[in-house]
Ligand code: XMP
């Protein structure tokens, strides 16, 4: 059995000897992988690690603020780039999921490159690649059918002249979480559900507008808050709301409404490759649905996704 405390010590030593006196750049996403990778490298080389956090505007409610506060508590050097307007503009009118991914992936690289060009003398790019990521890209290489392009925000800009540092590439997610705890990474980052690089863009089906994103954020916040209140957050691999481009008829008081449908998804999984839909206690779903219809204008119907993976994927797009 692996002792993860020893792993941390030997990894820190090997990062130090590899990197020497060089500077390292890291794209932080707020997720477990990039945050733990940054905590580890910061332990090894201190403020010669420079992190860049790009806000794509496709994040959850108050996520950018919360994540930046955690990074401050971790004493990381972080540049915050708010590129949300640029992403919204680039995505205007786009409905195809793969085009959304491509646009976001490419714009992310451009924004990231522009920012890292300001950090002179950096030699390394730190990435939070895990073992399942290594395997999955292998799979996709062998199989003709790529299901989703998985543009991982934080991915390597290909023409950047940097060496890649991937200290987590032999690890699974639960090991990364354990290492995060050893390194005192804040709980809400360590236990955070995985979040796709393209973010809410693939959870807002059809074209993306600021107004729809705000409706989705409000509903998603209620859903996640109620899951946490019920003590279920850590039993779930991923939970999120999806705003559908479908209108249905409802009734409010004496009036007919015609508003959007919101889908709720929650799954359990050990690596994201397969997943099972989560069996909620009915009263939790009931509370979430009631609150969303009462508090989120623009939604008058809530449905729960009872499909596992396969045949469905975790995300709806
Ligand atoms: P699917 O939807 O393919 O998702 O079952 C499997 C896992 O990958 C995440 N996901 C993505 N992550 N860029 C990412 O970085 C993407 O384009 C992307 N699409 C899906 C998804 O949230 C789940 O954890």
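Here, each number is a calculation from the coordinates, and none is a lab measurement. The shown structure was predicted, so the numbers you read here are calculated from the model rather than taken from an experiment. Backbone-built Cβ (ideal geometry, glycine too); neighbour counts: all protein chains shown.
For the reader, a short list of remarks on this structure follows.
- Mean separation of Cα contacts under 8 Å, 6 or more apart, over the residue count of the stretch 241-317: relative contact order %: 34
- Neighbour counts of other Cβ atoms within 10 Å put 270, 42 in the fewest-to-most order 270, 42.
- Antiparallel DSSP beta bridges within the chain, percent to nearest 5: 40
- For the pair residue 287 and residue 10, a Förster radius of 35 Å applied to the C-beta separation gives a FRET efficiency near 0.15, rounded to the nearest 0.05.
- Geometric extent, Cα atoms of the stretch 247-317 - Rg, Dmax (angstrom): 14.5, 48
- In terms of other Cβ atoms within 10 Å, 210, 218 run from fewest to most in the order 210, 218.
- Full-stretch length increase - residue 18, residue 254 - with 0.36 nm per residue and alpha-carbon distance subtracted: 78.0 nm
- Percent of Cα pairs exceeding the 30 Å cut-off, where the set is the stretch 4-190: 18
- Between helix 282-295 and the chain: long-axis angle, C-alpha atoms, 0 to 90°, nearest 10: 80
- With kT/(6 pi eta Rh) evaluated at 20 °C and eta = 1.002 mPa s, and Rh the Kirkwood radius from Cα pairs, the chain diffuses with a coefficient of 104 µm²/s according to Stokes-Einstein.
- Degrees between helix 173-182 axis and first principal axis of the chain (Cα, 0 to 90, nearest 10): 60
- Principal axes of the stretch 203-304: Cα extent on each, largest first, Å: 44, 31, 18
- Cα Rg over Rh - the stretch 163-253, Kirkwood: 1.08
- CD proxy at 222 nm, helix term only [per DSSP H run n ≥ 4: -39500 (n - 2.57); per residue of the chain; nearest 500]: -13000 deg cm²/dmol
- Look at 18, 212 and count the other Cβ atoms within 10 Å of each Cβ; fewest to most, that gives 18, 212.
- Theoretical gain in end-to-end length, residue 123 to residue 276 [0.36 nm per residue, Cα-Cα removed]: 50.9 nm
- Percent RCO, i.e. relative contact order, over the chain, from Cα pairs under 8 Å lying at least 6 residues apart: 18
- Angle in degrees between helix 32-45 and the longest Cα principal axis of the chain, rounded to the nearest 10: 20
- Prolate/oblate/rounded label for the stretch 1-106 (Cα gyration tensor, a/c 1.5): prolate
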